[in-house]
Amino acid sequence: MVGNRRNIDSNGDHTINSTGDGATFEINHYAGQNKILNRTYLFDFCVQFSELEDASEDYDTELTSDFEGKMDYNEIDLYKEIFFECDHYLDDVESILEGIPRRERILKKINTKYKKLKRFSQWENKDEICEGVYQYLFETIENDNKSKDMYLEDAELAIHALMYYAFTKCKLLDPIPKAAVR
């Protein structure tokens, strides 16, 4: 769960979990299965992030091209793998965001956090900056009482899918300079 960072994968496939005060029994069907994006969690995260202050008027819905080139230009390794795992969730994120009022705030917050980390913190590579953005988003939802019963894997996947979406909209990481694209 997000609140106490319980990891469902560590409990084994088809085992029975019973932990904590007032615990109930549940059968773990998660281990060994492919990851599935929990659209409800992603929707809840998007609503929560959209309610944050300081939105900008510039919300560009155009997708960039050459994602892999942009990843190479930014020299990311870990997040390149993470983003490729989230690639097939782009349509899900887009459809969820269509129903979110003030959705521009989500990308603006991600973009602002990226720029602040890039400028005001020490980092060795841009994977570290992406991890800082992830930590910021994770802490934002972790502080929400509705998010306490979520599994860590579901929260991670939803946040990574949202970060990849922001990446495709040029709100996370640096775009390839136009002079370099010919």
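The values are calculated or read from the model by the stated rules, or taken from the named source; none is laboratory data. It should be emphasised that the depicted structure is a prediction, and the values quoted were computed from it without experimental measurement. Cβ sites come from the backbone with ideal geometry, for glycine too, and all protein chains shown count toward neighbours. These area figures cover heavy atoms from the full protein model, side chains too; ligands, DNA and RNA do not enter into them. Shrake-Rupley method; radii C 1.70, N 1.55, O 1.52, S 1.80 Å.
Key figures
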quantity	calculated
By accessible area with a 1.4 Å probe, ligands and nucleic acids excluded, highest first: order of LYS171, LYS118	LYS118, LYS171
Gain in span if fully extended, ASP149 to GLU81, counting 0.36 nm per residue against the direct Cα distance	21.7 nm
Packing-based order for 87-94, 159-166, using average beta carbon neighbours within 10 Å, highest first	159-166, 87-94
Length gained when the stretch GLU156-GLU142 is fully extended (0.36 nm per residue, less Cα-Cα span)	3.9 nm
Solvent-accessible area per residue for segment 104-182 (1.4 angstrom probe, square angstrom)	49
Positive dipole terminus of segment 87-151, leading residue within LEU117, THR140, SER95 (C-beta point charges)	LEU117
Stretch gain in nm, segment LEU90-GLU128, where the contour uses 0.36 nm per residue and the Cα spacing is subtracted	11.4 nm
Two-site label geometry, LYS178 and SER121: point separation in nm, points 7 Å out along Cα→Cβ	3.1
Kirkwood-based shape ratio for segment 71-182, expressed as Rg/Rh from alpha carbons	0.96
